[in-house]
Amino acid sequence: MSSTFDVVAKVISETSEIPLEQITPESHAIDDLGIDSLDFLDIVFALDKKFGIKIPLERWTEEVNEGRASVDDYFVLKNLCARIDELVAAKNA
Amino acid sequence: MRLEYFEMIDSVDAFDAEKGHIEATAHVPDGSPVFEGHFPTYPIMPGVMLLETMNHASGYLMLGLNQCSKLPFFVGSKRVKIRRFVTPGQVMKVAVDLVHEGSGFCVTKGTIRVGKELIAEAEMTMMLMNFPTPELGAEVVRRAVLAGMKLPVTA
């Protein structure tokens, strides 16, 4: 069974045409991988479908804009994967 | 349709909130300045305007689903196919289905038919944002209601 990171990395690679080997858990989606906001929408769409969740992009954006969270909390891939695991766990609870 | 004013939808014929589905009609005008350039002596609907027509129907679908709380902005399309020419005077039937409603965005899939013929299809991504001005909200709702949508009076 694939780990969350494997699935996320594959989605990013396919959506943004980034070689899979360049994508690591420490990668920052914006700073390291150069993913822009529109690419990120495609990625979120694919991840929503893959995991059967609704990634709360609006709330995350609000939290970052209001200084209650840092960009790294959501855009460093290991953190993104942790958030996805939380959403999947909440869905299955 | 009033192509030069980007008024693409004449009437909303069916809206199903549960299924996330909308059907609309667009009458291609007999004459328009658009046809003077596209193309001289051979008027056909520009492909981008066919895509825009599906976008407008998609926008009405989302306005209906979110009860005018957010304005859909077209931000991307995939798998766009323009299969046949559409000429002045033809009546287009537009259908759009919601594929996915995410947080602050949605993905829809639209088709255009003339008679039984499939003319165009596309997958569209839209950002769902707050209305930039109350005036725009009121105007969008006014146009949607004129087209046949049952919406709140104000956005």
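At 222 nm, what value in deg cm²/dmol follows for chain A if DSSP H runs of at least 4 each add -39500 (n - 2.57) and the sum is divided by all its residues, to the nearest 500? Mind showing how you got there, number by number?
Working: 5 runs with 58 residues, N = 93.
Counting only the DSSP helices, I get -19000 deg cm²/dmol.
Long-range amide H contacts for residue B:129: which residues qualify at under 5 Å (H placed 1.01 Å from N, peptide plane, sequence gap of 5 or more or a different chain)?
Amide H neighbours of residue B:129, under 5 Å, 5+ apart: B:71, B:73.
Compute the distance from the alpha-carbon center of region B:98-155 to that of region A:47-93, in whole Å.
Cα centres, region B:98-155 to region A:47-93: 27 Å.
How far is it, in nm, from the label point at residue A:62 to the one at residue B:16 when both lie 7 Å from their Cα along the line to the Cβ?
Calculated label separation equals 3.3 nm.
Compute the long axis of helix B:134-147 from its Cα atoms, compare it with the longest principal axis of the Cα atoms of chain B, and write down the angle in degrees, 0 to 90, nearest 10.
Between the helix axis and the principal axis of chain B, the angle is about 60 degrees.
Could you work out the relative contact order of chain B, using alpha carbon pairs under 8 angstrom and six or more residues apart, expressed as a whole percent?
RCO, chain B: 25 percent.
Using the Cα centre as the reference, give the magnitude of the dipole from point charges on the C-beta atoms of the protein assembly as shown (Lys, Arg: +1; Asp, Glu: -1; all else neutral), rounded to the nearest 20 debye. It would help to have the intermediate numbers written out before the result.
Working: 24 positive and 36 negative charges, 197 e Å.
Using only the charged Cβ atoms, the result is roughly 940 debye.
Could you pull out every one of the lysines with an alpha carbon less than 18 Å from that of residue B:116, ignoring same-chain neighbours closer than 8 positions?
Output for residue B:116: B:81, B:93.
Pull up the cross-link candidates among the lysines for residue B:70, meaning alpha carbon to alpha carbon under 24 Å and not fewer than 8 places away within one chain.
A:49, A:54, B:19, B:78, B:109, B:150
Using DSSP to define loop residues, name the trypsin sites (Lys or Arg not before Pro) in chain A whose beta-carbon has at most 13 other beta-carbon atoms within 10 Å. Spell out each step's value before the answer.
Values: sites: A:10, A:49, A:50, A:54, A:59, A:68, A:78, A:83, A:91; in loops: A:54, A:68.
Answer in residue order: A:68.
Amide H of residue A:30 versus every other amide H placed in the peptide plane: which residues, excluding those fewer than 5 positions away on the same chain, fall under 5 Å?
Excluding prolines and chain starts, which carry no amide H, the hits are A:35.
Under 1.5 on a/c is rounded, so check that first for region A:4-92, then, if it is not, pick prolate when a/b is larger than b/c and oblate when it is not; a ≥ b ≥ c are the square roots of the alpha carbon gyration tensor eigenvalues. Write down the numbers at each step before the final one.
Values: a/c = 1.55, a/b = 1.14, b/c = 1.36.
Taking the square roots of the gyration eigenvalues as a ≥ b ≥ c, region A:4-92 is oblate.
Could you tally the net charge around residue A:15, taking each other residue with its Cβ under 10 Å from the Cβ of residue A:15, Lys/Arg +1 and Asp/Glu -1?
On the way: positive: A:10; negative: A:14, A:17, A:39, A:42.
Spelling it out: positives minus negatives among the neighbours equals -3.
Quick check: the angle from helix B:47-65's long axis to the longest principal axis of chain B, C-alpha only, nearest 10 degrees?
20
Values in this text are rule-based calculations from the coordinates and carry no lab data. Here the structure is a predicted model, which is why all the values come from computation and not from measurement. FYI the Cβ positions are ideal-geometry reconstructions off the backbone, even for glycines, and counts take in every protein chain you see.
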